[in-house]
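Every number in this text was worked out from the coordinates using simple rules, so none of it is lab data. None of these values were measured; they are calculated from a predicted model. We place every Cβ from the backbone using ideal geometry, glycine too, and count neighbours over all the protein chains shown.
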Amino acid sequence: MKHCTNCGREYPNDKAFCPVCGVKLEDEVTSKPEPWYQQWLSVIMGTMSLIVAWEWNWEWGLILAISAIILGYKSPNRTAKVLSYICSAVTIVLIIHYLIS
């Protein structure tokens, strides 16, 4: 069986590319997907940055937002990457609004 590193689906060995997302399939033995918590850590950090910036301290919220952007950049999961970018962008906009007013 081959494994898609992007969407996580498995396909027979005769497939070279994932029919869903188009990423090159790799053998199950040579590559294992990261655990879910490592793939979604960037989303968790982005959400925490929003909560911390809103409720507690904008400096720590900014630090968490930048961390979420970095972790999202390294994440192989495209959905987690986009969600972490969205949460971080909303946090940064919230901080800018706070600092201006």
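Taking other C-beta atoms within 10 Å as the exposure proxy, 2, 15 rank 15, 2 from fewest upward. Length gained on full extension, residue 74 to residue 24, computed as 0.36 nm times the residue gap minus the Cα-Cα distance: 16.2 nm. Size descriptor for segment 34-101, Kirkwood hydrodynamic radius: 11.4 Å (Cα pairs only, one decimal).
In whole angstrom, how far apart do the alpha carbon centroids of segment 9-23 and segment 63-78 sit? Spelled out, the Cα-based centre of one part sits 26 Å from the other. Under 8 Å for C-alpha pairs, at least 6 residues apart: give me the relative contact order for the chain, rounded to a whole percent. Relative contact order for the chain comes out at 24 percent.
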